[in-house]
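Below: one structure, written as structure tokens.
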Amino acid sequence: MPGAVLEMIGVSKGFPGVRALADVDFRLFPGEIHALMGENGAGKSTLIKVLTGVHAADAGEVRLGGDRVSVTGPQHAQTLGISTVYQEVNLCPNLTVAENVFIGREPSKAGAIRWREIRRRAAELLTRFHVDVDPGVRLGACSLAIQQLVAIVRAVDISAKVLILDEPTSSLDRDEVEQLFTVMRRLRDDGVAILFVSHFLDQVYEVSDRMTVLRNGRLVGEFPTADLSRIDLVGHMTGRMLSTLEQLHVPEETARVQAEPVLKAQGVGRRGSIAPFDLEIHPGEVVGLAGLLGSGRTEAVRLMFGADVADSGTVALGGKPVSLRGPNIAIDHGVAFCPENRKSEGLIEDLTVGENIVLALQAANGWLRPLSQAKRQELVGRYMTALRINPADPDMPARNLSGGNQQKVLLARWLITQPKLLILDEPTRGIDVGAKAEIQKLVVSLAEDGVAVLFVSAELEEVLRISHKIEVLRDRRLIAEIGNIGSVTPEGILEIIANGTTS
Amino acid sequence: MTTLGMRGPVRIRREHAAVLVTFGLLVAMFAAGSIVYPGFGSGQVVVDLFIDNGFLLVIAIGMTFVILTGGIDLSVGAVAALSAMLCAFLLEQWHWPVAAVLPLVLLVGIGFGFGMGYVIHHFEIQPFIATLAGMFLARGLCFVISIDQISITNPFFTEWAQTRIPLGEETNLTPTVLIGLAVLAGAFWTLHYTRFGRAVYAIGGSAQSALLMGLPVARTRIGAYMVSGLCSSLGGLLFAFYTISASGLHEVGTELDAIAAVVIGGTLLTGGSGYVVGTALGVMLLGTIQTMLRFQGTLSSWWTRIAIGVLLLLFILLQRLLGSSRTRR
Ligand SMILES: Nc1ncnc2c1ncn2[C@@H]1O[C@H](COP(=O)(O)OP(=O)(O)OP(=O)(O)O)[C@@H](O)[C@H]1O
Ligand SMILES: [Mg+2]
């Protein structure tokens, strides 16, 4: 094997109160896809940020092509040939898609940026990566998945020696993931070293050659993917042998359907976003929305919460017709909505974890009736333990949590309000395997307690595992509703999506 | 494969809409003035708008850079006054040649901008506070130079002040107008055709993302304050040409006029969105209000302030409306 392009030796990094990395060694070889594995908060993103100079290491050194370097920041990292997609989309929402791909390295002539060239090349790149988006549109107007794809396109186009992808697939569907993998493999064959982070074990096993496992900021080991079984991997990541990963059993069926539906939507739709559809959810029922990216999943649930206003149809909540003109009306009727984009639509980064968690409950109570301190602590503590939020410190600013733990905080915020109907848009995005199983269990047990859940996930397996009823969407239209009986498989659903009919 | 990129057909961008509204208002105001007051609708009135507000235009353009990065510069009026004072003092007391004084004064302005930008970026001080300090410092320095007003008798200045460039039969330009337009064109080019300009927008959109994308955030942010410093001192010089004098009491409150012009021109105070052309329209709009009051004759000039206040409120509400329809998906 040739020498490592990139090497980290004895790297440590501490944040106030947290040891994010402790004496970690890491090697990356040219022509390999290397997966960095670990639970939420294990230190993966921190390792990447030390590597690219966003954070300065407390100890240890980074070597590039054998020479010791001290990377001063992302700009420096780029000039050294390290191109990075950071966790969570980090692009400028106010600029166009094309400009986000090229900013900082715009083609120019005599000092003047050549816009036509930028548009042309961006359009070319986007087509090559099968990203169907107008390069002239503002990035902020695009869905999260598109934003993630644009970030990837940008990073890949900066033809670098080292490509780092921190959870690039968290919002993507199978097809996009496949496309990304094709690109990654091609780059690998060209000798690029790729560092890849994902919580989807299937993806990791499909694409990576070797992996490095971190646990609590410490190195567990470096393994060839082929030699490490999934059970062992999960064991290394969590430090215990996992039984939580076993199949959840969805409680059999179906007395609850008789009860008054919590939500009954008839002919609800919104022009340009989703065609009119009917939907009924009963207490204790988990309804999954399945469909590819852009099939209208998010759009549909936003209508149910009043985050977007429908232009046709009627909605009844708890039997009473309501006009969902805004989220506050939905909230008043016991609906909770956990949005997909935690960065821009959910978490308030400057508030502490505890404050973030009680936010919705406090708002529901009215600001004039503050929760007592003791009650707050009790509630926050309970949900932080239930969701295993780590570090378990309610007074830490939310911005300092790892991505997956931020997602859990958001989830806790809505669970704490004890809603009658809980709408979850991609609740397990960026959440590690252990916690994912916990969250799925939690959803199932909520349903057993009579909460109705509307659940959106790009992962069909997940939808199948926990829902009683599945609504299949395609091209912004609800095309089928199927009861989740034993015979339904992900392939079956894909077939419905492909053929556009119920078989 | 992916079909979800754009939501609906491409609409008019919100920043375009804001500029168009300002433009429409300007045209309407001017038309109203021409109908009500005889002599209002002449070319010379338009040119006078530029002549009377040339210094404000230049200063507001600098302010636009800073506001686009998401900052604010309260020192512009004071730096302009300081530049004029320094210029007058060096010319009149020390009898330095014009060719040495003008570049030096501009350098002082740039230096001020650099200092404030450096403090804001590296010590993470609120722009509001840092530039407030800069404002007091510059204003104080004016009075260190001289407590009294200094009249400028330098022949270059007096001649310049009288120069008229004929444009058609009844209309005359001054060099100030040309300089103002040149600065406008230069600023537009810089913001839209250079990497520096694009980085200014990127930082205003998200400084964190700009950093992670590998953009030179420090250089760009400090650069924006340097541009503002340069524009302020150029504006101060233009004001000195206009009045052929300098005083520590000149241009008090100009920073607020400049901010008002920028906001009325459709630039978001939170940064990342706006155009210098909008700023120019904003300055013209403020100038038109003043001119109308002058033609009206009986109303006190404080009505200008009231009109500006009402306009600002309207524009901020408008941005709110445009902004919320934009973020809704
Ligand atoms: N800026 C910061 N300030 C303080 N603590 C931080 C900061 N950034 C990260 N941490 C802490 O460092 C630890 C490691 O976080 P990191 O983001 O590297 O985790 P991760 O492995 O990427 O997790 P995930 O899978 O959830 O993204 C966490 O405990 C986190 O709370
Ligand atoms: Mg991470």
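Each value in this text was obtained by applying a stated rule to the coordinates, not by laboratory testing. What you are looking at is a predicted structure, and each value in this text was computed from that prediction instead of being measured. Backbone-built Cβ (ideal geometry, glycine too); neighbour counts: all protein chains shown.
Quick one: which of A:37-48, A:186-197 comes out on top by average Cβ neighbours within 10 Å, and what's the full order, highest first?
Values: A:37-48: 25.9, A:186-197: 18.8.
Output ranking for A:37-48, A:186-197: A:37-48, A:186-197.
What does the structure give for A:271-279 when I average, per residue, the other chain Cβ atoms found within 10 Å of the residue Cβ? Could the numbers behind the result be given before it?
Values: counts 1, 4, 4, 0, 0, 0, 0, 0, 0.
Mean shielding by partner chains, rounded to a whole number: 1.
Which order do the peptides A:280-291, A:443-454, B:54-65, B:233-244 take when ranked by the mean count of other beta-carbon atoms within 10 Å per residue, highest first? If you can, show how the numbers build up before the last one.
Numbers: A:280-291: 23.5, A:443-454: 19.2, B:54-65: 30.4, B:233-244: 25.4.
So the peptides A:280-291, A:443-454, B:54-65, B:233-244, ranked by packing, come out B:54-65, B:233-244, A:280-291, A:443-454.
Assuming 0.36 nm per residue, please report the length gained on full extension of the stretch A:ASP190 to A:VAL309 beyond their Cα-Cα distance. Don't skip to the answer; put the middle values down first.
On the way: separation 119, 0.36 × 119 = 42.84 nm, distance 4.92 nm.
Full extension from A:ASP190 to A:VAL309 adds 37.9 nm.
Take peptide A:135-143, look around each residue's Cβ out to 10 angstrom, count Cβ atoms belonging to other protein chains, and average those counts. Don't jump to the answer; show the numbers that get you there.
Working: counts 1, 2, 5, 8, 3, 6, 9, 5, 6.
Across A:135-143, the average partner-chain Cβ count within 10 Å equals 5.
Helix hunt in chain A: which complete DSSP H runs extend at least 15 Å axially by C-alpha with mean Kyte-Doolittle at least 1.0?
Details: long enough: A:115-128 (19 Å, -1.10); A:144-157 (20 Å, 1.40); A:174-189 (22 Å, -0.97); A:353-365 (19 Å, 0.88); A:373-386 (20 Å, -0.88); A:403-415 (18 Å, -0.25); A:433-448 (23 Å, 0.66).
Those that pass (Cα extent of 15 Å or more, hydropathy at least 1.0) are A:144-157.
Suppose a student asked you for the relative contact order of chain B, using Cα pairs under 8 Å spaced at least 6 residues apart; what percent would you report?
Values: 525 pairs, mean separation 112.4, N = 329.
Averaging sequence separation for qualifying contacts and normalising by length gives 34 percent for chain B.
I'd like to verify something in chain B: which complete DSSP H helices, judged by Cα projection on the helix axis, reach 18 Å or more and average at least 0.0 on the Kyte-Doolittle scale? Show your work: numbers first, answer last.
Details: long enough: B:14-36 (33 Å, 1.55); B:43-68 (32 Å, 1.94); B:76-92 (24 Å, 2.06); B:98-122 (36 Å, 1.80); B:127-145 (27 Å, 1.85); B:175-193 (26 Å, 1.43); B:217-243 (39 Å, 0.98); B:276-296 (30 Å, 1.23); B:302-327 (38 Å, 1.16).
Helices meeting the criterion: B:14-36, B:43-68, B:76-92, B:98-122, B:127-145, B:175-193, B:217-243, B:276-296, B:302-327.
State the percent of C-alpha pairs, over all pairs in the stretch A:6-244, separated by a distance greater than 22 angstrom. Display every interim value, and only then the final one.
Details: 15408 of 28441 pairs.
Cα-Cα pairs in the stretch A:6-244 separated by more than 22 Å: 54 percent.
Antiparallel versus total DSSP beta bridges in the protein assembly as shown: what percent is that, nearest 5?
Bridges in the protein assembly as shown that DSSP calls antiparallel: roughly 60 percent.
Can you figure out the FRET efficiency of A:SER159 with A:ASN328, using R₀ = 41 Å and their beta-carbon distance, to the nearest 0.05?
Numbers: r = 49 Å, r/R0 = 1.20.
According to the calculation, E is roughly 0.25.
Kirkwood hydrodynamic radius for the protein assembly as shown: how many Å is it when counted over pairs of different Cα atoms? If you can, show how the numbers build up before the last one.
Working: mean 1/r = 0.0336 Å⁻¹.
Result for the protein assembly as shown, one decimal place: 29.8 Å.
Among B:CYS142, B:CYS87, which comes first, second and so on when ranked by fewest other beta-carbon atoms within 10 Å? Before the final figure, lay out each step's value.
Details: B:CYS142 24, B:CYS87 28.
Going from sparsest to densest Cβ surroundings: B:CYS142, B:CYS87.
Of the listed peptides A:397-403, A:220-226, B:263-269, what is their order by residue-averaged count of other C-beta atoms within 10 Å, with the highest listed first? Write down the numbers at each step before the final one.
Details: A:397-403: 19.6, A:220-226: 13.7, B:263-269: 24.6.
Descending mean neighbour count gives B:263-269, A:397-403, A:220-226.
Residues of A:82-95, mean number of Cβ from any other protein chain within 10 Å of their own Cβ, rounded to a whole number?
Details: counts 1, 1, 3, 1, 4, 0, 3, 2, 7, 7, 15, 5, 12, 10.
That works out to 5 on average.
So what's the net charge close to B:PHE112: Lys and Arg +1, Asp and Glu -1, counting the other residues with Cβ under 15 Å from its Cβ?
Numbers: positive: B:ARG139; negative: B:ASP73, B:GLU251, B:GLU255.
Counting the neighbours of B:PHE112, the net charge comes to -2.
Taking the number of other C-beta atoms within 10 Å as the exposure measure, put A:TRP367, A:TRP115, B:TRP189 in order starting with the fewest. Kindly include the intermediate steps, with their values, before the conclusion.
Details: A:TRP367 7, A:TRP115 17, B:TRP189 14.
Arranged by neighbour count, lowest to highest, A:TRP367, A:TRP115, B:TRP189 become A:TRP367, B:TRP189, A:TRP115.
222 nm [θ] for chain B, helices only, -39500 (n - 2.57) per DSSP H run of 4+, per residue, to 500? Intermediate results must be reported in sequence, preceding the final value.
Working: 13 runs with 239 residues, N = 329.
Per the formula, -24500 deg cm²/dmol.
If contacts are Cα pairs under 8 angstrom and at least 6 residues apart, what is the relative contact order of chain A in percent? Spell out each step's value before the answer.
Values: 1009 pairs, mean separation 79.4, N = 503.
That works out to 16 percent.
So for the stretch A:98-213, averaging the separation of alpha carbon pairs under 8 Å that are six or more residues apart and normalising by length, what relative contact order in percent results? Working shown, then result.
Details: 93 pairs, mean separation 24.8, N = 116.
It comes to 21 percent, rounded to a whole number.
So how many Å³ per residue does the convex hull of the Cα atoms of the stretch A:370-503 work out to?
Values: hull volume 18.1 nm³, N = 134.
Per residue, the Cα convex hull of the stretch A:370-503 comes to 135 Å³.
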